[in-house]
Amino acid sequence: MSTAIDTKLSTLKDGLAKAKDMRYKAELRKDALLKQQEEILEQIRAEQVDPELLEQEIEKLEREIAQLADEVESLIPWDLIKSQA
């Protein structure tokens, strides 16, 4: 074989080995992410929230927080605080 062909084959062999290594690492990462996703879904279910309704639950909680913040703000005697400043 010629040197050019040997070089080309060596380059292809190295590329294939690197691609296999990258694929293996990607599969490991995918498995880890899937496991993490399942753990998160279990935590969500433990809080009695349907993962499919998570967005709605977050919006509901944000509304409740805003309402409670408004209530707290209305209870603070701002006029007295301003007069003491």
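The values are calculated or read from the model by the stated rules, or taken from the named source; none is laboratory data. Keep in mind that this is a model prediction, so the values were computed, not measured. Cβ coordinates were reconstructed from backbone atoms using ideal geometry, including for glycine residues, and neighbour counts include every protein chain displayed. Only protein heavy atoms, including side chains, enter the accessible area calculation; ligands, DNA and RNA are left aside. Shrake-Rupley method; radii C 1.70, N 1.55, O 1.52, S 1.80 Å.
Below, the figures for the structure above:
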| read-out | value |
| --- | --- |
| Candidate set: segment 38-71, residues that are part of a helix (DSSP H, G or I) and β-branched (Val, Ile, Thr); chosen: the one least open to solvent (accessible area, probe 1.4 Å) | Ile44 |
| Options Lys35, Lys82; residue that is at pLDDT 95 or above, open to solvent by 100 Å² or more (accessible area, probe 1.4 Å), in a helix (DSSP H, G or I) and of a type outside the set (S, T, N, Q) | Lys35 |
| From Ser10, Ser74, residue being exposed (fewer than 10 other Cβ atoms within 10 Å of the Cβ), among the polar types (S, T, N, Q) and not in a loop (DSSP other than H, G, I, E, B) | Ser74 |
